[in-house]
Each structure stands twice: as structure tokens, then as C-alpha cells.
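J.: Quick one: structure below, then a few questions.
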Amino acid sequence: NTNWKISYLVDGLTTKSGSVNGYTSGELKADTIATTPFTITFEFDEAITANEMVLYPRSDAKDASGKSPNFPLTYSVEAYNAATGEFETVFSVENADNPAGKPAYCLFNKTVTTTKLRYVATGVGTYPTDEQVYRAQFCEIKIGLVEADDVSGEVGITVTPAAGIVLV
């Protein structure tokens, strides 16, 4: 389906625009996602400093409750630590509230400087009314550095396709 592409994940559009919906995963299984997580890895050409990831849910459909479909409700964000060669969790949530069309703000437990960030879904959300299949679907994901006095919720760094997104 050409309405869903990995490049649409970072195109700057936070809601559906024309035929551009955003990004979709393949089908996710509710009984195996905890042991076989769904991940999106962002690789940057040079190190960035960030303390927040903002997830913009799918905006072209609703689930049976009128909320955002295919938005995983158990997930984490991991930052790559070049010194150890490992990813470390900087944000996690279990059974989060469905964002109901609004962005979900993931404020990290610390500010990181890294060349890679990874979104990891280990629990599914709800599916849309027209399809009974679990997926991870987003209009946009933004990554940035939020200053302590910033009350807008907007992030300072926007990932661009040139940043090199790798879907693992």
C-alpha cells in the first residue's frame, strides 16, 4: 500500500495529508509481541542530543472506542551507548492510555547524546474498526531536546529522511 511508507514516518506531517497516511508495520501478534518486539531504529549521521520522542498516532481511522487504532500501548525508547556498544532504556511505559488522536510524549529519564535511538513495542493497542489486525501505525515520529522551561511540548530536532532510518 503506497499510503504507508517508512519515509512518511519523518516527513513532517503529523496528520494524514492526501494519500499519505504515515508508516505501518506488518501484522503483529498479540501473543508473541512481548517476546518478539517490534522495533524502529533511527540511525543518525552524527551524534544528536535528545531527551524526548514524540509519537503521532494514525489520524485517518478510529478504533471501536473512537480512539487511535494500531498504537502500541506498551513500549520503550532506547538510546545507543557507544562506550558499551549496547542500547539502554531511557523511557518505558506499560499499558499506556490510548492517545486518542493526540501525540504521545516520551520524556527520557535523562538527556542522551547518541547516534542511534530505538523505539520498541512489546504490547499491542487496539485495531481499527475496518480491519481486525494489530499493527504499529504512526503519522510521524519526532525526536528532540526539550528545554526545562519549554511548555509548548514541541521538540527542537526533527528527524529527516537523510538521517538514515533503519527498520529492524
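J.: Between K16 and S65, what's the calculated FRET efficiency when r is the beta-carbon distance and R0 is 22 Å? Round to 0.05.
T.: With R0 = 22 Å, the Cβ-Cβ based efficiency is 0.65.
J.: Moving on. Once label points are set 7 Å from the Cα along Cα→Cβ at both K5 and T32, what is their separation, rounded to one decimal in nm?
T.: The modelled label-to-label distance comes out at 2.9 nm.
J.: Hey, another quick one. Quick one: plug the Kirkwood hydrodynamic radius of region 43-153 (C-alpha pairs) into Stokes-Einstein at 4 °C, 1.567 mPa s, and report D in µm²/s.
T.: Rounded, D is 88 µm²/s.
J.: Let me make sure I get this right: for region 1-57, a, b and c are the square roots of the gyration tensor eigenvalues over alpha carbons, sorted descending. Under 1.5 in a/c it's rounded, otherwise prolate if a/b > b/c, else oblate. Which is it?
T.: oblate
J.: Suppose we look only past 16 Å in the calculated P(r) of region 27-76. What percent of the Cα-Cα pairs does that tail hold?
T.: Taking all Cα-Cα pairs of region 27-76, the fraction more than 16 Å apart is 59 percent.
J.: Put a dot 7 Å past each Cα toward the Cβ at A47 and S92; how far apart are the dots in nm?
T.: Taking the two extended label points, one gets 2.5 nm.
Each reported figure results from applying straightforward, stated rules to the coordinates on display, with no laboratory input. The structure displayed is predicted, hence computed values, not measured ones. Quick reminder, even Gly has a Cβ in these numbers, built from the backbone with ideal geometry, and neighbours come from all protein chains shown.
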